[in-house]
Structures are given as structure tokens and as C-alpha cells.
Amino acid sequence: TENEPSWETPCSELLVYVSTPGCDGFPSLDSKESYKLSVSKGSMLLSAETVWGALRGLETFSQLVGRDENGTYYINETEIVDFPRFPHRGLLLDTSRHYLPLRAILETLDVMAYNKFNVFHWHIVDDPSFPYESSTFPELSKKGAFNAMTHVYTASDVRTVIEYARLRGIRVIAEFDTPGHTLSWGPGAPGLLTPCYLGKAPSGVYGPINPIVNSTYQFVTSLFQEVSSVFPDFFLHLGGDEVDFTCWRSNPQIGAFMEEMGFGEDYKKLESFYIQRLLDIVSSLGKGYIVWQEVFDNDVKLKPDTIIHVWKENAMLYPMEMANVTRAGYHALLSAPWYLNRIAYGQDWIEAYNVEPLNFKGIPEQKALVIGGEACMWGEYVDATNLTPRLW
Amino acid sequence: RYYEYMFGHSRWQTWGRRPLAARAEPELFQLQVVIEAEEPGCDRHPQLSSSEAYHLTVTEPVAILKAYEVWGALRGLETFSQLVHEDDYGSFLVNESEISDFPRFAHRGVLLDTSRHYLPLKTILTNLDAMAFNKFNVLHWHIVDDQSFPYQSIYFPELSEKGAYSSNLIYTPADVRLVIEYARLRGIRVIPEFDTPGHTQSWGKGQKDLLTPCYKGERPTGDFGPVNPVWNTTYDFMTKFFKEISSVFPDAYIHLGGDEVDFSCWKSNPEVKEFMKKQGFGIDYAKLESYYIQNILDIVSSYNKGQMVWQEVFDHKAQLKPDTVVEVWMANNYAHELSSVTGAGLTAVLSAPWYLDYISYGQDWKKYYSVEPLNFPGSEKQKKLVIGGEACLWGEFVDATNLTPRLWPRASAVGERLWSSSNVTNLQDAYKRLINHRCRML
């Protein structure tokens, strides 16, 4: 016979040892994902502190198994000690610009597991549609989804996603982005959005959430009460990006309020007024929060454990933003160079790979505040027909 | 096939169940298809000169689709299927219509590259379906290139044996026949491209002494360059090879390539240099390229096939036959190239602005839609020589996992540009129809 390697006695078992029990819990930001993998003659051992580490090790193990031309499965003698550099390794999917069927989300979670991602950032609603079926406010999806029968996520769907993710060591962080990006909330929640004015009369068009009426805060409290119980992760993403002030400016009641509060012409102060109240509400519900960078840029008073999500990419300024955010003592998440929806010809994976998240001016204590990053797949041009080959 | 398209995917699955209330509207019971020519073409293959015009009258109780040849009937059937729509209650509706339609350009093609990445048959066939939905009528099959040689040749089996990515990533004669027939039934011509003398690295694996050995000084480096133009064996091979190709592919045209020939290997080879001297070409290697191409054109001509070539063949002043079709692909100043090609009395096909493999963020279909192929300085006579264009999906970053969503519906913009009248240019209107068409294609 030709030069066939003489295979050693086949190994039939991978022993998985987890020191801290916890298979029934949910992964968190503090979860330990380290693992040790030892493959030698006659014994294969995967040991980890937690089941989350075991999952990562299992993925690695599965990548080490090869198959030769005769169909024999083999594995090299191996000694691996592994742990993640960053604890928050996320992927954003946008199910508002285009509805994504459950199948597409679950498939994405599988591939995330293959790549050791551990956070699914579910940008679930936005301007174009509201597919989240709320038990407290069923009208939101009834009036706001693209199709209330076929393009919604029922409570069962949401539970399915959360559990499917959990089994892969993936946290689900839901984003209910306010006060901007909320047009689809309007039809199902009359009085929530700001009516824009053309001169003295309402124009019929609506803007961001109306920050000056109490009903807004009652609504927000109730909604986030529900969201906080539906989504088990400690963190919620509250959005806060790209608030367009034009509508607020046009509205006379808001104008009056601005005067009353002494905000002058600075609508950032009004935005902060809303955001602060929102953060207080969410805090009181026992949740932590992540916000887009504008909330930090606009000087909102934030709790010290707020996570700031850095996303603006103009003129490669994000390292400066990372420096500013961490210098102010907040944790930072990086997405700016990883907007994978911005496709381009050729091997653009190289650019994404070459990003060094800690390449910014700062002392080690600052760098330690960077908890990780997220690849974002915004949905303007993405649906189930092209999501997978575009993202992976 | 079209019945299935129109009624097979009903949201309401009301097969055979009539709507509850008797409808007051008139009903359409039948679409009669009438083909007027004595030789309708049903057993033939479509050609450049085929008639694709049709006339569609939709009225109760019988609609009539009239075309001169079967190819026009296929186009009309596609249109009819687009007119039929389903209402919210599961009833199929069609508006009373009178349509008289014919293509602006006779050559409306899509290029697929099965060398940079192998494309399984299923992918090619799905793509032919999509082409038919968009009235494309030419599949430009760029079947082999540097990277791999998946075409299983009968005369030269070693070409794919040694040159394909692997033994199962090939197109057997049966596969090729299947593609040609599947295309024919949709009124689509299959023009194969066997690109030489450049883009032939994979040919050298299975055919010794075909490619030029490169030299460093006096010694061969072990590397090879383009096809060797000075050896007789090259032309013996090509004569036999193209004999096979001419019989395997029924279309009147074969694409011979001729693009991006890198002269550095030729320049290094002593035999080639010697030949250049003998022929009096000086140091102008474009002349050597033309010498080679002219020989191939003659070979292919002798098999009664017309030839398509990439623009360099024209640019480097090879002696072309009057009916050679020049494909203009270089994006830089392609309008000027169209002027030159047609000014020399040659037929042109435009693909330069339609390299769909060049993806970018956003609604790039708009820029493909906005191309006006005849926007170049030239006489009426010249403009008539532009017979159409091709949307190209080169395969460097494309395989079965991403081809369909990458190519469609962006190629639809090209399809409309090549079929519709030159004044159909409104982007907002096109957008509305494109989003409907996309859902329909899905």
C-alpha cells in the first residue's frame, strides 16, 4: 500500500468537564468563556469553567476534526488554552427595514456560533416597520408591521430566538430605538409621536417621540416593563441616534416647553431631557443600557455603567470618539468600521480584519473600558434572499 | 411552464375552487397563441436574426398572442404572465390590453464565468429562468479561463482531467446539451467563449506544448504564458478543438476572447523572438497577437461559425471578418470605442458599463438603467451596428452561494435598457415596476 499514516487507536469520546454548573442560566457580559482542550493518544478532554466556555471549546474541537480521502475522521494531537480578548462580540440584525423570517435569524445564530460571536443585537423595530408583537400594546404591530399576519414576531417567536441563542451561548440584546427612528410606532400609538407643524397648522406628518407630554412617559414605562421581562439579558439597547430636530422645532407646544425649561434654542437639551427620563425608567426596571454615541455626544447625564456604542464613520474619526468615551469613564462598543451592509467590490474582509479596536490615544485604564464590538448588517438592502451570503 | 408561473404560486391555493359569489366581471377563458411563419422555429435554435416581436390582445373571452416566430411568442408569454395578478381574495385578474412589442436590440446577453468558480448546473439553469423573465436572449458562457478548465472535451479529455478544479467540477457533454436545450426552450442562445491566447493557464495542464514557455535569459523558468503562436502544433490543436466546439454548440457564433494578452512571456522566449524577426514584426507584439488571432478566426470561419471577440482584437488591428462582432468592455471612454468599432464598419456589443460583478452599496441598478448605448458620436448607419449588450458577472468573488442575489434583480435594469424603447428612462417609474418584478421573480 502507499504511504498511509498508521492511525492510532481511535478516540471515541470527548470528555467535557465544566467546573461551574449553570446550563439552565443565561450568558452575560461577565460570563467566562475560557476553555482548555487536550487531545492526545487515547484521550480527548475539553475543560472549562462554565458551559459557555465549553461551547466555545466544542466549536474549536469541531474545527480540528479532519477527514482524509478514505473517509477517516482524524484529529491532531493538540493542546489549546483559549479565551476571548473581548467579552462583547456582537452582530446586529435589522428586522425593521426588511422583515427577516425566523429561519433567517436562527440560521444567523448558527453561523454566529461557528464564529464565536456571543451577542445578537436585535434592532427589532425602526421607522419602516414594527414587527414586534407587544402584549401590552398589540396595536403597535397591528398597525405598524409591514403585514400584521405574516411579518411579525410573536411572543413565541421571540422566545424561540432567545432560547436558540442561549443554547449557543449567545445573549440577545433587544434595541427599541427612541426618540428618533420611531415612525412605525405612530399608527399604533396615537399621540406618541410629535405632530410636525407647517406654520400654525399640523402638517399631518410626524416626527420623533413627543418628549413634553406625560402620556409619552407612561407609554414608555409600560412598554419597557414588558420588554424588560420578555428579554432576559441584563442589558437593553435604547438607541438614541439620529434625532432630527426639525419636527420639534416646528411644533409650537414644544417651542413653549423649551422656553419654560430655559433650553433656549438648544434642542439637544430637549433630547437629553427625554433620554434622561428614559434611562431612569429603564434603570428602575433593573436593566442596564447601551446607547448610540449621540447620547454621549449630546451631553446626556449617564449612569457610570452605561455602554456607549460608537458607530459614526465619517473621516475615520471613530478612534477619537473611542478616546473621548473612555476618557469620560464609560464603557465602549465599537461598530464604526464594521458596517457590513456597506458592500464593496473585492476582499473587503481584509479592511474589517485590520481594524485594531484599541488604536486610539488613551491610558491602559481607558483601553480596558472597551468591552468589544459589533458587526452591523443594516437592512435597507437586505432580506432573506441575500442576508447570508452578504454577511458571511 | 407559464401556467405554473401564473397560477402555481397562488397565495390562496384555490385550485379548482371557484370564488363564492358569481363575479360580474367578464372572464378570460383562453390565451390563444398564434405563430405566423411557415417555419415557426420550434425545432430550431434562436439566432441573432430571429424575430422576437409579438402582438398581445387581452379581451374577453379569448386573448390572442400573435408572433411571427415562436421566439416572439415566448416574449409575449412572459409579458402576459406579468399582466396576470392576484387580488386579495385569490381571484386572478388581467386588464384588457393591447400590446405591440419588439426588442430595441437583438443581442441582449448575460455573461456567466464558470472558470473562476465552478457553477453547478442548477445555478446555470436558475439563471436561464431569470434571464427569460427579463427577456434576455443570449447566455455568454465564459466557460474556461486561467483558473480552471471545466469543459469536458471529447477530443481532448485531458484538458478537464488535468485542468478542472476537480473531477466532479466539470461540464460533461450531457451537461452542456442540457444547458443548450434549457436555454433554447426559453429562446436563449448559448454563445460559448473559449478565450485565447491569454487567459489559458488551465489549458496548459492538460495540453503539453500549447502554452509559451517563459524564459529568464537562456533558461525556461518553468512558468508558462499565453498560447504559443509560433508552433504549428498550436494551430493543429486549435483546428481540432474548434471543430469539436463548432459541432457541440449549435449557435452561429463562438466567442474567441482575445483580451488582456500579457506580452512579457512572449518577449522572453527566444523562439518567439526569432519568429518576430522572421515575420518582420519588429518589437510590436500586438502584431504577433493579431497574427495568432487571424489564424484562429480563419479556423473558426472554416467551420461556418461567426466570431465574437473582445475589443483588444480590434484595437490591436487584427484583420477581422466583416461580420465579426466586437465586444466593448473597457470602461474608460467606451463611447469613443463604440465610435471606432462602428466607424470601421464592424458590429459591436456593449458590456463596459455593465460589469455587475463590481458591487457597491446602494441602488446601483439606477446607474445601469441610465446607460444609453447609442450615446456616442456616429452616423445613423454606425448606430445600427450596435446590436446590443451584455451584463457581465465575472466569477472572482461569485459562486453558487451568492450568484443569484448578486446578479438579480440588478441585471433586470440592463434587460429593460436593451429591450425597451430609448425613451423609457424614468427612474421612479422603473423603480415601481422593478420592485414588483423582483417579488414576481422570487
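Quick note: the coordinates plus some simple rules give every number you see, no bench work behind them. Treat the numbers as computed from the prediction; the structure is a model and nothing was measured. All Cβ positions, even for glycine, are placed from backbone atoms using ideal geometry, and neighbour counts span all protein chains on display.
Its Cα gyration tensor gives segment B:364-434 an equivalent ellipsoid, and the semi-axes of that ellipsoid, as √(5λ) in whole Å with the largest first, are 26, 17, 9.
Relative intensity of chain B on a log10 scale, I(q)/I(0) at q = 0.08, 0.09, 0.10, 0.12 Å⁻¹, equals -0.50, -0.62, -0.75, -1.04, per a Debye sum over C-alpha point scatterers of equal strength in the absence of solvent. With everything on Cα atoms, drop me the angle between helix B:285-302 and the longest principal axis of chain B, reported from 0 to 90° to the nearest 10. The helix B:285-302 is inclined about 60 degrees to chain B.
Spatial offset of segment B:304-365 relative to segment A:328-376 amounts to 43 Å, using the alpha carbon center of each. Per residue, chain B reaches -10500 deg cm²/dmol at 222 nm when only DSSP H runs of four or more residues are counted, each adding -39500 (n - 2.57).
Report, in debye and to the nearest 20, how large the dipole of the protein assembly as shown comes out about its Cα centre when Lys and Arg carry +1 and Asp and Glu carry -1 on their Cβ.
Working: 74 positive and 104 negative charges, 119 e Å.
The dipole of the protein assembly as shown has a size of about 560 debye.
Here the alpha carbons of segment A:212-257 define both size measures, Rg and Dmax, at 14.4, 40 Å.
Positive-end ranking of A:14, B:167, A:140 along the dipole of the protein assembly as shown, with charges on Cβ about the Cα centre, is headed by A:140. Restricted to Cα atoms, segment A:15-82 shows a radius of gyration and a Dmax of 13.5, 44 angstrom.
Listed by chain and number, the lysines placed with their C-alpha closer than 25 angstrom to that of residue B:162 are B:122, B:205, B:208, B:240, B:243; residues fewer than eight positions away on the same chain are left out.
Note the full-extension length gain between residue B:273 and residue B:441 as 0.36 nm times their separation in residues minus their Cα-Cα distance, in nm to one decimal. Don't skip to the end; give the middle numbers.
On the way: separation 168, 0.36 × 168 = 60.48 nm, distance 5.51 nm.
Contour length minus Cα-Cα distance gives 55.0 nm.
Annotation note: chymotrypsin sites (Phe, Trp or Tyr not before Pro) in segment B:362-438 located in DSSP loop regions with a Cβ neighbour count of at most 11 within 10 Å are absent. Its residue count N sets the reference 2.2 N^0.38 Å, and the alpha-carbon radius of gyration of chain A equals 1.12 times that reference.
State the antiparallel share, in %, of DSSP beta bridges confined to the protein assembly as shown, rounding to the nearest 5. Don't jump to the answer; show the numbers that get you there.
On the way: 33 of 111 bridges.
Looking only at bridges with both residues in the protein assembly as shown, the antiparallel portion is about 30 percent.
Computed about the Cα centre, the dipole magnitude for segment B:27-92 is approximately 200 debye when only Lys and Arg (+1) and Asp and Glu (-1) carry charge, each at its Cβ. Segment residue B:344..residue B:218, full-extension length gain: 41.1 nm, with 0.36 nm per residue of separation and the alpha-carbon distance subtracted. Of all lysines in the structure, the ones whose alpha carbon falls short of 23 Å from that of residue A:361, not counting any fewer than 8 places away in one chain, are A:312.
Overall form of segment A:47-179: prolate. Here a/c, set by the Cα gyration tensor axes a ≥ b ≥ c, is 1.5 or more, and a/b is the larger of a/b and b/c.
Spin-label model, residue A:383/residue A:280: points 7 Å from Cα along the beta carbon direction are separated by 4.3 nm.
Taking label points 7 Å from Cα along the Cα-to-Cβ direction, residue A:15 and residue B:248 give a separation of 5.8 nm. Annotation: lysines with alpha-carbon distance below 26 angstrom to residue A:143 (same-chain offsets under eight excluded): B:432. Considering only C-alpha atoms, what is the centroid distance from segment B:50-96 to segment A:176-238, in Å? After rounding, the separation between the Cα centres reads 48 Å.
Rounded to the nearest 10 degrees, the inclination of helix B:121-133 to the longest alpha-carbon principal axis of chain B is 50 degrees.
For segment B:265-352, place one equal point scatterer on every Cα, skip the solvent, and apply the Debye formula. What is log10 of I(q)/I(0) at q = 0.15, 0.17, 0.18, 0.21 Å⁻¹? For segment B:265-352, the Cα-only Debye profile gives -0.64, -0.77, -0.83, -0.98.
Dipole check for segment A:260-382: with +1 at the C-beta of Lys and Arg, -1 at the C-beta of Asp and Glu, and the Cα centre as origin, the magnitude is about 320 Debye. Short-range pairs are left out: with C-alpha atoms under 8 Å and at least six residues apart, the relative contact order of segment A:325-392 is 51 percent.
Could you work out how much longer the chain between residue A:103 and residue A:246 gets when fully extended? Use 0.36 nm per residue separation minus the Cα distance between them, nm to one decimal. Let's see the in-between values first.
Numbers: separation 143, 0.36 × 143 = 51.48 nm, distance 3.91 nm.
47.6 nm is the gain from fully extending residue A:103 to residue A:246.
Taking a cut-off of 20 Å, what percent of all Cα-Cα pairs in segment B:306-407 are separated by more than that? Cα-Cα pairs of segment B:306-407 separated by over 20 Å account for 42 percent. Placing unit charges on the Cβ atoms of the charged side chains and taking the dipole of segment B:107-441 about its Cα centre, the candidate lying farthest along the positive direction among B:371, B:356, B:192 is B:371. For chain A, the relative contact order is 14 percent, taking Cα pairs closer than 8 Å that sit 6 or more residues apart in sequence and dividing their mean separation by the residue count. Toward the positive end of the charge dipole of the protein assembly as shown, about the Cα centre and with charges on Cβ (Lys, Arg +1; Asp, Glu -1), which of A:286, A:119, B:397 goes farthest? Looking along the dipole axis, the top candidate is B:397. Relative to the longest principal axis of the Cα atoms of chain A, the long axis of helix A:214-230 lies at roughly 10 degrees. Given a Förster radius of 51 Å and the C-beta distance between residue A:361 and residue A:110 as r, what FRET efficiency does 1/(1 + (r/R0)^6) yield to the nearest 0.05? Between residue A:361 and residue A:110 the formula returns 0.85.
For the pair residue A:24 and residue B:432, label points projected 7 Å from Cα toward Cβ lie 5.9 nm apart.
Quick check: the distance between the Cα centres of segment B:417-435 and segment A:123-167, to the nearest angstrom? Measuring centre to centre over Cα atoms gives 36 Å. For residue B:304 and residue B:37, FRET efficiency with R0 = 25 Å and r from the beta-carbon atoms, rounded to 0.05? The formula returns an efficiency of 0.60 here.
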